[in-house]
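Input: a single structure, listed below in structure tokens.
The values are calculated or read from the model by the stated rules, or taken from the named source; none is laboratory data. Source: prediction; values computed, not measured. We place every Cβ from the backbone using ideal geometry, glycine too, and count neighbours over all the protein chains shown. Side chains are part of the model used for accessible areas, which takes the heavy atoms of the whole protein and leaves out ligands, DNA and RNA. Shrake-Rupley method; radii C 1.70, N 1.55, O 1.52, S 1.80 Å.
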Amino acid sequence: MPESAPESALDEAAEQPRLPALTRVLTSPPGRVLLPLVALAGLILLHDRSLPGGGPIDIYLLGLLIAFIAVIVWIPRFGVGLLRSDGRPRLLRHWARWAAAPVMGLAVAGLVYFDVPFTARFALSEASLERVARAVATGSEPESGDGWVGLYPVTSIERIEDGARFLVSDTGFLDEYGFAWSPKGPPTEESRTVYTHMDGPWYLWESRW
Amino acid sequence: MVRVPGEPGLWVALAASPVLPALFLPGKYVWPVGPLVALAAMFAAVTRAYQDVALIRATQERAEAPEPPGPSGSPPPGSSASP
């Protein structure tokens, strides 16, 4: 089926090798650079929100910066393409590539809004955390040094009254965060320590700076 | 439509320029202005890029168009003027 004249005209012109690369990029649909960058920003933000208290602040700011750049680049490219008669046919033709970035953005925003990353990561790790917590609470010597329990990188595991607590590495900005397992009620609070009940015997442990 | 001056690269550089003052100025000044400047500059860059593509296309079409017919009354090449 032959393409419409304006569409093929702009496509041919946009694909001319003598066009400057930047001009070609600005008049083309999002592709090999912008879409992976949006996906990377989304993964960084989802990873950050999956950790108690958030992940490393520098990685989080990098994710926000990438997302900001993607928005600043995507909106004008889409807006000008929509406003120009020689751009609209290409928006329709490559609609999936144009829709991919906002769909990814909305998906990440929705998952973060409903706290899905944190809930899912904790649910997938709960059995492993509880197994280690029970062992530590009944007298086993906790492993020293960094390691993984479930899907969490853990810096330290300590025995507390009738339970155990895990400090998750690279969390928070100045404060540190982790989990406490205390089946007989809230753990005894110490100075600069706050426990927030999550579910069942689990508490969010915040170790303040 | 008014042709956007400058080159797309110039406008993209302007769009990225708010990053520099953002490193030194308080956020209350940078946040309202920086994204607006960046968005406006990117709109200018993309508009100018579309205009460049349209101009190149028009130039190509003029170059590829057949020669216009000569003045009326002149005989077409290859034909005889006599009846």
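Results for (1) more than 30 Å from residue A:150 (Cβ to Cβ); (2) in contact with an Asp or Glu (Cβ under 8 Å, 6 or more places away or on another chain), shown as yes or no for each residue.
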site	(1), (2)
A:23	yes, yes
A:32	yes, no
A:66	no, no
A:83	yes, no
A:87	yes, no
A:100	yes, no
**OP:** Given the conditions (1) within 30 Å of residue A:69 (Cβ to Cβ); (2) assigned to a helix (DSSP H, G or I), report the number of the one that residue A:130 does not fulfil.
**Re:** (1)
**OP:** Within region A:113-131, count every residue that is farther than 14 Å from residue A:183 by Cβ and open to solvent by less than 50 Å² (accessible area, probe 1.4 Å).
**Re:** 7
Subject >> Hits in region A:141-157 (condition: surrounded by 13 or more Cβ atoms within 10 Å (Cβ to Cβ) and in contact with a strand residue (DSSP E or B) (Cβ under 7 Å, 6 or more places away or on another chain)) >> reply: A:142, A:143, A:147, A:149, A:152, A:153, A:154, A:155, A:156, A:157
**OP:** Answer yes or no as to whether residue A:167 is surrounded by fewer than 16 Cβ atoms within 10 Å (Cβ to Cβ), closer than 20 Å to residue A:48 by Cβ, out of contact with any Pro (no Cβ under 9 Å at 6 or more places or on another chain) and of a type in the set (A, V, I, L, M).
**Re:** no
**OP:** Would you please name the residue that is most open to solvent (accessible area, probe 1.4 Å), looking only at residues in region A:61-106 that are within 12 Å of chain B (Cβ to nearest Cβ) and among the charged types (D, E, K, R)?
**Re:** A:88
